[in-house]
Every structure is written in structure tokens, then in C-alpha cells.
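Worksheet: the structure to be examined is printed underneath.
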Amino acid sequence: MTTLVFGHKSPDTDSTGSPIIWAWYLNEVKGVAAKPALLGEPNTEAAFMLQHWGLEKPEIISDVSEGQPVVIVDTNNPAELPAAINAADIQAIIDHHKLVGGLETKGPIDITVRPLACTATIMVDLMGKDIAKMPKAIKGAALTCILSDTLEFRSPTTTSHDRSVAETLASDLGVDIAEFAAQMFAAKSDVSGFSDAELIRMDSKEYAVDGTKFRVSVLETTAPEIPLDRKASLMESFKTVAAEDGVDEVLLFVVDILREEATLLVPNALVKTVAEKSFGATVEGDTVVLPGIMSRKKQIIPNLKL
């Protein structure tokens, strides 16, 4: 049976590119029949990656069948995976997030979780000398994933190893990192075609603080004025999204990649309390700027308080 390789729901660039990279490796190097899959529509930056490197968009799946061999990448959180994930035959997990718990396997598996900024960086390491066999498009996907997850090395999650791997890939490809990253971020910033609910869910994770469930959403952009001009309708949509997704509140951070800061939308007293207790902010009005806040994984989620 063909092994499915997929990442988390609301696939960003890493969760779109890493399944493609690892499925290539399994097929072409390990001789294991595999294909990449997605758990939702890729975001605009991920779509740019597919178009730029001439990669086919993986099939979008909604669930997995019992006994289906799978490799999980860029997450280990059951809440971000198909409902029947524990009935599947999980073969491996490759990730760079903290362990959440809740996944069950049918036997011992290969697990690689490393404190790096990007899953693609880990994959390059795991491939070793076999990266020499990578076609241009697969190397391009790996480079795009790393530049995305590190925000072109601006994110505090960035390690010297992520940078080194990206620079080596860029050199092999003849790519100017600054120019290419600018193209990527322009694609990521083009959100005009998305509804408010789609924007809220585009790059989001569920997280509970003292029993209160949040959808923690991040919009990384070089044009923050575009989503912020829609703040009134976005905040109105928070209620609908929260009700549909079974959470208590939405936290939406608009991350300005170039200014290296985040703006949190503040629709009510609960979010005001979160901003003040979590980030030491003084909130006046319906937004608050948080200087230096760039990473949900390293700076937002770990600091959330009520």
C-alpha cells in the first residue's frame, strides 16, 4: 500500500513542501511507494512555491483509512491531524515542535524531533549524502520551506544550522536569498482573495490556557496594512469562527516581517487581559503592537496567560 506523507491542517509552506520532499526521498532513494498529501488548501506562499518550482499540488485528503501507512511531518499533534489518525499505521514522525502526546502507533516507529526552525532542515540532515540526488524542484522546495519558517532568518526560531542549510541550497540553485524571499513574502502578503474566516484559519493552531480554548492565528506579511484595514470585519468574524471550531476565543497576530513586530487585534476584555498578562503590553483601543514578537511557537504560545 502506498504510504501517505502529510503535515498539519491549514498547510503552510513547510507543511506543503515537506511532504513533497519526503515522498520523493521514500520513492527515489528508499524504494518505498509514497505520495504527498495535504489536509487543506495551501496558503498563498505555499502555492507560490508549487508554481515557482513546477511542483504538482498534492491531493487534499480529509481523513485516513484504517491501516493506511502514513508518515507525519511538521506536527505531532492529533488535533492538527485527520480524525482517524490513530487507526492508521504511522510509520514515522519528522517534526520540530514540542511533543503534545495522544498519537498511538501499531508498533515501534522512527521519530525525529529536533530543535530546528524547519522540518525541511531536518529532512536534509536525515538524507545525508543522498541530497546530491535531489532534483532542482525538490531542493527549491526545501529552500522555500526554510526561508518561510525562519522568515528569512529573522525569526527567533532560526538556528545557525537552518541558515547554513538554506545558504547551501541557494548556492546549489543559483538563487539570491534576499530576492527570492521578497517574492515569497509578496505572495504570502496577497490575501485579498480570502474571506475573513479563511484568513483567521490560514495559519492557526488550537491551544488551551487554564481551560480556555484559543485559536491562535498568525498572518505573516510585508504589507500589514492589508489585513489591518479589515480589522473590524475580522474581529466580527472571530465569534463565528470560534463557534464553528469549538473554541472560546480567537487570537489574531498580524506579524510585520520587515518591522519585526506583531499587532494583536483586541476585540474584547478577555483578549485585552491576555495581551497585558502575556506580553506586558498596555492596551488602548482595539489593537496593540508587540515589538519583537515574530514566532508563535517560541514567543506567543509559551507566554499565553489569563
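What the table below lists for this structure:
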| quantity | calculated |
| --- | --- |
| Residue within region 201-209 that is assigned to a loop (DSSP other than H, G, I, E, B), farther than 18 Å from Pro11 by Cβ and not assigned by TED's automatic domain parsing to the domain that holds Ser10 present | no |
| Test: residue in region 23-31 that is charged (D, E, K, R), touching a Phe, Trp or Tyr at 6+ places or on another chain (Cβ under 9 Å), touching a residue at least 24 places away in the same chain (Cβ under 8 Å) and in a helix (DSSP H, G or I) | no |
| Qualifying residues in region 288-304 (those that are crowded, with 17+ Cβ neighbours inside 10 Å and without any contact (Cβ under 8 Å) to a residue 60 or more places away in the chain) - the one nearest to the chain's Cα centre (by Cα) | Ile293 |
| Qualifying residue in region 249-269 (condition: outside the structural domain of Asn43 (by TED's automatic domain parsing) and assigned to a helix (DSSP H, G or I)) | yes |
| Which listed residue is within 20 Å of the chain's Cα centre (by Cα) and surrounded by fewer than 24 Cβ atoms within 10 Å (Cβ to Cβ), from Ser148, Ser189, Ser171 | Ser189 |
| Region 41-61: number of residues that are within 12 Å of the chain's Cα centre (by Cα) and not in a helix (DSSP H, G or I) | 2 |
| Thr75 vs. criteria under 24 Å from Ser148 (Cβ atoms), among the hydroxyl-bearing types (Ser, Thr, Tyr) and surrounded by fewer than 20 Cβ atoms within 10 Å (Cβ to Cβ) | no |
| Scope region 170-194; condition in a loop (DSSP other than H, G, I, E, B) and at pLDDT 95 or above; matching residues | Gly174, Val175, Asp176 |
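The values are calculated or read from the model by the stated rules, or taken from the named source; none is laboratory data. Here the structure is a predicted model, which means the values were calculated and not measured. Counting neighbours? That spans all protein chains shown, and the Cβs are built from the backbone with ideal geometry, glycine included.
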